[in-house]
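Please treat every number below as a calculation from the coordinates, not as lab data. All of these numbers come straight from a predicted model, not from anything done at the bench. Heads up, the Cβs are rebuilt from the backbone with ideal geometry, glycines too, and the neighbour counts pull from every protein chain shown.
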Amino acid sequence: MTHNAAASGVAAAIADIRARIAAAAREVGRDPAAVRLVAVSKTHPAAAVEAALAAGQACFGENRVQEAAAKFPGLRPRHPALRLHLIGPLQTNKAAEAVGLADVIETLDRDRLADALDRAAQREGRLPALLVQVNIGDEPQKAGVSSTAADAFIATCRRRFGAAVTGLMAIPPAGRDPTPFFRRLAGLAATHGLAELSMGMSGDFEQAVAAGATSVRVGSAIFGDRPPASAATLGAVPLAPSAS
Ligand SMILES: *Cc1c(COP(=O)(O)O)cnc(C)c1O
């Protein structure tokens, strides 16, 4: 594909996803404008991000700090509306860089990470918006606070970070009907009076919108397939937890 063909492909895919989000929202009487599209650009080059920006997409998701650091700071000066969400498991030794880079960190899931983000925020003099990631299917290999520990952890994070904690994020178990898990996350957010719900990906964002998502994270349906996923690319706990 030529660069232009790739770029128009991205623009067309974004228009299609936006239309499907709007239809799914209207179907349940929600305002389509209440659902943010986060374009997940992980593994795709900065040129793909530029194509999406040219199509009016401002909000992006990356799951590795290093990759985000390589792609995004160079784009910011020309695209002041750009917003970067970090959506991957975050090691404590990357917390400072994450705080410097991101507008939203969606994967706050343990006390040691909260400590590291707190220290980093003091040092950097800025604090991104924070979402608590919940392991909503309680899968052993997946990141996120367990559903049983979620209430206490959310309360602790809110005491500590105040209004910077804006909501919850989850990735439901693969291969099962995601709707009950989306509903459970929505119920948890409502219990805590949290407005933001980041849930839904390429395969299930319409169901997530129906269940109340305020943010959907869509990658392959916009940018095309990625190289085969390693365990760490989809919310799995990093294999070497020694650094966290
Ligand atoms: C990669 C990723 C996505 C996007 O997945 P697609 O199926 O490509 O849309 C969403 N959320 C998280 C946490 C991811 O790591």
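Just a few scattered comments:
- Histogram of C-alpha separations across region 3-45, 10 Å bin width, %: 26, 44, 23, 7
- Across region 197-204, coupling constants 3J(HN,Hα) worked out from phi with the 6.51/-1.76/1.60 Karplus curve, θ = phi - 60°, read 10, 9, 7, x, 10, 3, x, 8 Hz, and Gly and Pro carry x.
- Rounded to whole Å, sorted largest first: equivalent-ellipsoid semi-axes of region 163-229, Cα gyration tensor: 23, 14, 10
- For region 27-99, the Kirkwood radius over C-alpha pairs fed into Stokes-Einstein at 25 °C and 0.890 mPa s yields D = 185 µm² per second.
- Inter-label distance for A19 and D111, nm, one decimal - labels placed 7 Å from Cα along Cα-to-Cβ: 5.1 nm
- Modelled FRET efficiency - R0 25 Å, D138 with A46, Cβ distances, 0.05 increments: 0.10
- Kirkwood hydrodynamic radius over Cα pairs of region 39-159, then Stokes diffusion coefficient at 4 °C and 1.567 mPa s, in µm²/s: 86 µm²/s
- Principal axis analysis of the Cα atoms in the chain yields extents of 49, 40, 32 Å, listed in decreasing size.
- Bins of 10 Å, starting at 0 and running to the largest distance - Cα pair percent for region 108-148: 29, 43, 23, 5
- With the simple model of a label 7 Å out from the Cα in the direction of the Cβ, T191 to A149 spans 1.6 nm.
- Spherically averaged projected area in nm², based on the convex hull that wraps the Cα atoms of region 88-182: 6.1 nm²
- Using a cutoff of 8 angstrom between alpha carbon atoms and counting only pairs six or more residues apart, the relative contact order for the chain works out to 20 percent.
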